[in-house]
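The values are calculated or read from the model by the stated rules, or taken from the named source; none is laboratory data. Small disclaimer: the values here were computed from a predicted structure and weren't measured. With ideal geometry, Cβ positions are generated from the backbone for all residues, glycine too; neighbour counts draw on all protein chains shown.
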Amino acid sequence: MDAIRDAVAARKERLRRQEAGEDGRALPATVEPATATARAVARWCVPGKGPRVTKVWTAKHAGNLDLLRRCLIELDTWKEEARPEERHGRACKLVWIANAGDGVSQLGRHQVMNKLEGMHALADKAETERWLARQRSVGVPGLGPGAGSSFPRTWILPGGRRDLEAYLKRKRKLGHQKHGTVIYKPANGMQGCGITLVQHEGNLPSESGHVGRKAAVAQAYIPPLLYDGLKFDLRLYAVVTSVDPLEAYLHREGLARFCTEPYETPSAKNLHRTFAHLTNYSLNKSNRDGYVLATDSGSSSESSDDGRPFAGASKRPASHVIDELDARGLLDGDDLWAKTEALCAATLRAIQPDLAMRYRRSFPRERETLRAAAGANRGAPDAEDRRCFHVIGLDVMVDEKAQPRLIEVNSSPSLGLDQEVQVVNEEGAARTVKQLSPVDVAVKVRVMRSVLRLVGEKHLEDDLKPICGGGCDEAAEWTLLDRCRRLFCAAQVNSDKGMGAAHWVRFCRNADLLSLGGFVKADLEIMHTQLCAKQEWRANEPAQKLMRWTTFATALRDLATKAFPGDDVSVAFEQLLEHVHCNAAEGDG
């Protein structure tokens, strides 16, 4: 104790000297050197008065870290820790990894990781649509799809091929060329690979062929709002800081990505003109004649936004483009941002239940009772709910009526800061080199700096707008599937495993569901068998004869519609969950 007492006194004296401008290291000779343990206790007892340094451990990330390092330079109290030894990593607040599975098992209790497990799988084009469809099935309003909705009509292939073929035939007979075009995309495709425009069902990949059997989506073509005759989309960035309960923010900056050929209404004669119809940067950068590089001072005299940074470039800050369109009277900027925030919130709420299921496998909470699980979701997340965060990209198209429409979700948006430039040497030979892209630096550094300050310092900058949690209103319909997820976890000792028929019947008895609609054991067993038979077989899911949690939610919805036949689906579902909340047996399931 004497050694610790002396170390505390020495630290106080050192801090006093530093504050007075003296040499804090020059202590009186009477002060005995303390042991490492005593010095550590002294640092804990007497914290320094200077700003606390936030460290980011990057040793587990083998990819490009240019953006992160540039942000750390701009943040005075932040520092990168690249040494691979675990002892150095444990001293860091943030752990920066490339894949969610790389760091969960070694994450300290005080640390936060930059990836959420399962985000990559759920941001798959087909999986995003499946979750939107599940939310529609329980009566969540505003998810469309189709006209008047933020979500274009989408078919999951190969299962939805017949419906897609009927749609194309019907539109063609009516002569609706503009609205009878679909964009075919591989479900897990990246950088524009495999995307084609289709107006005739005969041009779809063959059902028996290699491509036709692969998972894909077909999305109705959206007639776009044009900017100087060019089609464009917006790559916006959102950060998810908690999934149980959901908390997310949308940044008010992003990238506007332009086509590199003038737009024409889709027809059989121009469907091959990908540079006019597809906004993917990876595709358009190869159009050497049309792609305009972003420079610090470059602008095009033909563009009406002369004088603005990056004017005329094929990639520009989204806020500049929205402001310019607002100034021209083509849209209301504030209204577009408000609708875009609602669109992003709806998308994240749709995939939230499965993200929460995966998150709780790594960061479990105490098991809830059936009554508690069926009740309202918890309020604001605590530190244990914020162990991971994730930056996602949302591709949004502004349609001809100036309404934002979701194109897709990207779980790993490009965070690179470079662009490809064609260079000709003295001999006249051309080669492609990479150089810093000013527009990417301007946009992505601004976004990532705001994210780092939010997760590391709990400081919310004006550019980040809360869209889920953070005091945002949440309709009761949005909680229905998540309450089902919590019920499933409360009823299962191990939520990774499916629910057998006997366990399903026991759950219904404990939840007092048998009293609602005169259900008997045989009815429940038949329902279990029929619903499990409809489950898609997947190697990473429980056996086919066991009820997965998404099927469990479907079963509860079916029970609700039978128990309350005169009500809307969402109202009936809410009544069933409230019944469980008030009448379930005490204890777990």
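Within region 358-369, is even one residue of a type in the set (Phe, Trp, Tyr) and either touching an Asp or Glu at 6+ places or on another chain (Cβ under 7 Å) or surrounded by fewer than 21 Cβ atoms within 10 Å (Cβ to Cβ) (or both)? Quick ask: steps written out before the conclusion?
Within region 358-369, the subset of a type in the set (Phe, Trp, Tyr) is 359, 363.
From the residues that got through so far, the ones that are either touching an Asp or Glu at 6+ places or on another chain (Cβ under 7 Å) or surrounded by fewer than 21 Cβ atoms within 10 Å (Cβ to Cβ) (or both) too are 359, 363.
So far as region 358-369 goes, yes, one or more of its residues are of a type in the set (Phe, Trp, Tyr) and either touching an Asp or Glu at 6+ places or on another chain (Cβ under 7 Å) or surrounded by fewer than 21 Cβ atoms within 10 Å (Cβ to Cβ) (or both).
Among the residues of region 230-244, is there at least one that is buried (at least 18 other Cβ atoms within 10 Å of the Cβ), small (Gly, Ala, Ser) and out of contact with any strand residue (DSSP E or B) (no Cβ under 6 Å at 6 or more places or on another chain)?
Scanning region 230-244 turns up at least one residue that is buried (at least 18 other Cβ atoms within 10 Å of the Cβ), small (Gly, Ala, Ser) and out of contact with any strand residue (DSSP E or B) (no Cβ under 6 Å at 6 or more places or on another chain).
If you take the residues of region 228-265 that are among the acidic types (Asp, Glu) and part of a strand (DSSP E or B), which of them is farthest from Leu394 (Cα to Cα)?
Restricting attention to region 228-265, the residues satisfying the condition of being among the acidic types (Asp, Glu) are 228, 233, 244, 247, 253, 261, 264.
Narrowing the set further to residues that are part of a strand (DSSP E or B) leaves 233, 247, 253.
Values: Asp233: 10, Glu247: 16, Glu253: 12 Å.
Step by step, filter region 228-265, then rank; the result is Glu247.
Of all residues in region 108-134, which are farther than 19 Å from Leu454 by Cβ and more than 17 Å from the chain's Cα centre (by Cα)?
Gly108, Arg109, Ala133, Arg134
Just checking, does region 362-370 include any residue being in a helix (DSSP H, G or I) and not hydrophobic (A, V, I, L, M, F, W, C)?
Residues of region 362-370 in a helix (DSSP H, G or I): 362, 370.
The next check asks that each one be not hydrophobic (A, V, I, L, M, F, W, C); those that pass are 362.
For region 362-370, residues in a helix (DSSP H, G or I) and not hydrophobic (A, V, I, L, M, F, W, C): present.
Looking at Glu247, is it in contact (Cβ under 8 Å) with a residue 24 or more places away in the chain, under 27 Å from Ala276 (Cα atoms) and acidic (Asp, Glu)? Don't jump to the end; show me each part of the working.
On the way: in contact (Cβ under 8 Å) with a residue 24 or more places away in the chain: yes; under 27 Å from Ala276 (Cα atoms): no; acidic (Asp, Glu): yes.
The answer is no for Glu247.
Within region 186-227, can you find the residues that are within 30 Å of Leu330 (Cα to Cα), hydroxyl-bearing (Ser, Thr, Tyr) and in a loop (DSSP other than H, G, I, E, B)?
So in region 186-227, the residues within 30 Å of Leu330 (Cα to Cα) come out as 191-192, 195-199, 218-227.
Filter again for hydroxyl-bearing (Ser, Thr, Tyr), leaving 196, 221, 227.
Across region 186-227, the qualifying residue is only Tyr221.
Residues in region 491-511: is at least one under 21 Å from Asp244 (Cα atoms), surrounded by fewer than 15 Cβ atoms within 10 Å (Cβ to Cβ) and among the charged types (D, E, K, R)?
Checked against the condition, which is being under 21 Å from Asp244 (Cα atoms), surrounded by fewer than 15 Cβ atoms within 10 Å (Cβ to Cβ) and among the charged types (D, E, K, R), region 491-511 yields at least one hit.
Matching residues to (1) free of Cβ contacts under 8 Å to residues at least 40 places away in the same chain; (2) closer than 24 Å to Ala318 by Cα; (3) not charged (D, E, K, R):
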{"site": "Arg453", "(1), (2), (3)": "no, yes, no"}
{"site": "Cys468", "(1), (2), (3)": "no, yes, yes"}
{"site": "Leu481", "(1), (2), (3)": "no, no, yes"}
{"site": "Arg486", "(1), (2), (3)": "no, no, no"}
{"site": "Leu513", "(1), (2), (3)": "no, no, yes"}
{"site": "Leu516", "(1), (2), (3)": "no, no, yes"}
{"site": "Thr529", "(1), (2), (3)": "yes, no, yes"}
{"site": "Ala533", "(1), (2), (3)": "yes, no, yes"}
{"site": "Glu536", "(1), (2), (3)": "yes, no, no"}
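Quick check: anything in region 345-355 touching a Gly at 6+ places or on another chain (Cβ under 6 Å), in contact (Cβ under 8 Å) with a residue 60 or more places away in the chain and farther than 18 Å from Gly254 by Cα? Explain how you work it out, then say what you get.
Initially, region 345-355 is screened for residues touching a Gly at 6+ places or on another chain (Cβ under 6 Å), giving 355.
Okay, now just the ones that are also in contact (Cβ under 8 Å) with a residue 60 or more places away in the chain, so 355.
From what's left, farther than 18 Å from Gly254 by Cα: 355.
Yes, region 345-355 has at least one match.
Take residues that are of a type in the set (D, E, K, R) and tell me which of the helices (runs of 4 or more DSSP H) falling wholly in region 49-160 contain 2 or more.
The helices (runs of 4 or more DSSP H) meeting that bar are 66-74, 86-89, 125-137.
In region 379-395, how many residues are part of a strand (DSSP E or B) and either within 12 Å of the chain's Cα centre (by Cα) or not assigned by TED's automatic domain parsing to the domain that holds Thr279 (or both)?
Narrowing region 379-395 to residues part of a strand (DSSP E or B): 388, 390-395.
Applying the additional criterion that residues be either within 12 Å of the chain's Cα centre (by Cα) or not assigned by TED's automatic domain parsing to the domain that holds Thr279 (or both) yields 390-395.
Going through region 379-395 one residue at a time, the tally reaches 6.
Among the residues of region 568-577, are any assigned to a loop (DSSP other than H, G, I, E, B) and either outside the structural domain of Gly375 (by TED's automatic domain parsing) or within 32 Å of the chain's Cα centre (by Cα) (or both)?
First, pick out the residues of region 568-577 that are assigned to a loop (DSSP other than H, G, I, E, B): 568.
Cutting the leftovers down to either outside the structural domain of Gly375 (by TED's automatic domain parsing) or within 32 Å of the chain's Cα centre (by Cα) (or both) gives us 568.
Scanning region 568-577, I find at least one residue that is assigned to a loop (DSSP other than H, G, I, E, B) and either outside the structural domain of Gly375 (by TED's automatic domain parsing) or within 32 Å of the chain's Cα centre (by Cα) (or both), so the answer is yes.
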